[in-house]
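The values are calculated or read from the model by the stated rules, or taken from the named source; none is laboratory data. From a predicted model like this one, the values you see are computed outputs, not experimental measurements. FYI the Cβ positions are ideal-geometry reconstructions off the backbone, even for glycines, and counts take in every protein chain you see. Protein only, heavy atoms only, side chains kept; ligands, DNA and RNA dropped before computing areas. Shrake-Rupley method; radii C 1.70, N 1.55, O 1.52, S 1.80 Å.
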Amino acid sequence: MLNFSVLTSVLFASLFSSQTLITYPLISKLGIAKNRAVNITVGGTMITDVATLLVLAVVVGMVQGDVGLSFWVKLSVSFLVFGLIVLMIFPLIGRWFFKKVNDKISQYIFVLVMIYFAAVLAELAGVEAIIGAFFAGLALNRLIPHTSSLMNRVEFVGNAIFIPFFLISVGMLIDFKVFFNSFETLKVASIMLTASIGGKYISSVVARKTFRFTKEEGKLIFLPTPSRTNEFVVLSLAKIPLKPSINF
């Protein structure tokens, strides 16, 4: 329909599959974060976001022309080593630190250091730093009680600082004049928007029927997922040069 190349189509398909749960803080405030439908949505988001960022790493490699057997072996081994270090060693370090140190400020600084360290390891593994931060959150999540003051500090900084600055950075990448340059631009934008929201709606319906959720729970699955202000959009714009061969 849009005459994109296969590579571009795969990239946009990955972009549409991922999402950022910007509405999750609101869901938490409403007290429905522990609902099974919300848990499934969050779990699906984890899987798709990691997968899409891996797709981005592959696409960047293909654009740069260095995709071969050595590329796949290096990416697979390095990502496996990175995952084992963060998911197995980080919890051991965190458990030891939280037992030895009771100062709340020191504990918070420790969490930040571990997140940044995981981000560095992710970069060394050939994937995006945001995957490292995400994996660090998974590794340390079980060690931090959800009702503790440390978790409150982490959530506050994330919701009050990191998310707003992330949205600002996305807004600075958007040039609204482009949308009105030609009818073709509006056409492409409309098709992408329809495909994105439509795909999320269909997936929520399938999930509702598969897990036998109520209609309200089906809506709960759908509402957080169309959030298109995600990290994949920003990283795609930053990492992939706009070449005619990519048909952007």
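Can you name the residue in segment 25-56 that is closer than 19 Å to ILE131 by Cα and of a type outside the set (A, V, I, L, M, F, W, C) and is also nearest to the chain's Cα centre (by Cα) among such residues?
Applying the first criterion (closer than 19 Å to ILE131 by Cα) to segment 25-56 yields 41-56.
Now drop any that are not of a type outside the set (A, V, I, L, M, F, W, C), which leaves 41, 43-45, 48-49, 52.
On the way: THR41: 13, GLY43: 11, GLY44: 11, THR45: 7, THR48: 8, ASP49: 4, THR52: 8 Å.
Residue satisfying both the conditions and the ranking: ASP49.
I'm trying to understand the selection: among the residues of segment 140-179, which are surrounded by fewer than 14 Cβ atoms within 10 Å (Cβ to Cβ) and either of a type in the set (D, E, K, R) or in contact with a strand residue (DSSP E or B) (Cβ under 9 Å, 6 or more places away or on another chain) (or both)?
Hits for segment 140-179 are ARG142, GLU155, ASP175, LYS177.
Hey, among the residues in segment 180-214 that are in contact (Cβ under 8 Å) with a residue 12 or more places away in the chain and of a type in the set (Lys, Arg), which one's least open to solvent (accessible area, probe 1.4 Å)?
LYS200
Within the set of pairs 6 or more residues apart or between chains, which connect a residue that is closer than 17 Å to SER28 by Cβ and modelled with pLDDT under 80 inside segment 156-173 to a residue that is open to solvent by less than 60 Å² (accessible area, probe 1.4 Å) and in a helix (DSSP H, G or I) with Cβ atoms less than 6 Å apart?
Qualifying pairs under 6 Å: ASN159/PRO25.
Please verify whether LYS104 is touching a Ser or Thr at 6+ places or on another chain (Cβ under 7 Å) and modelled with pLDDT of 80 or more, treating the condition exactly as stated.
It is true that LYS104 is touching a Ser or Thr at 6+ places or on another chain (Cβ under 7 Å) and modelled with pLDDT of 80 or more.
Looking at SER196 and the list (1) at pLDDT below 85; (2) outside any helix (DSSP H, G or I), which single condition is not satisfied?
Condition (2) is where SER196 drops out.
Does VAL205 satisfy the criteria of being at pLDDT 75 or above, in a helix (DSSP H, G or I) and at negative phi?
In short, yes.
Just to be sure I understand, how many residues within segment 21-56 are hydroxyl-bearing (Ser, Thr, Tyr), open to solvent by less than 30 Å² (accessible area, probe 1.4 Å) and either under 24 Å from ILE168 (Cα atoms) or part of a loop (DSSP other than H, G, I, E, B) (or both)?
Narrowing segment 21-56 to residues hydroxyl-bearing (Ser, Thr, Tyr): 23-24, 28, 41, 45, 48, 52.
If we keep only those that are open to solvent by less than 30 Å² (accessible area, probe 1.4 Å) as well, we get 41, 45, 52.
Add one more test, that the residue is either under 24 Å from ILE168 (Cα atoms) or part of a loop (DSSP other than H, G, I, E, B) (or both), and what stays is 45, 52.
So the answer is 2.
Within segment 1-20, how many residues turn out to be more than 20 Å from the chain's Cα centre (by Cα) and in a loop (DSSP other than H, G, I, E, B)?
5
Taking helices (runs of 4 or more DSSP H) that do not extend beyond segment 57-155, which have at least 1 residues that are under 20 Å from the mean Cα position of the chain (by Cα)?
Correct list: 69-84, 104-125, 129-141.
Need the failing condition index for LEU92 against (1) of a type outside the set (Ser, Thr, Tyr); (2) touching a residue at least 24 places away in the same chain (Cβ under 8 Å); (3) exposed (fewer than 14 other Cβ atoms within 10 Å of the Cβ), just the number.
(2)
Which of (1) within 19 Å of THR52 (Cα to Cα); (2) open to solvent by 60 Å² or more (accessible area, probe 1.4 Å); (3) modelled with pLDDT of 90 or more does VAL113 not meet, given it meets every other one?
Against the list (1) within 19 Å of THR52 (Cα to Cα); (2) open to solvent by 60 Å² or more (accessible area, probe 1.4 Å); (3) modelled with pLDDT of 90 or more, VAL113 comes up short only on (1).
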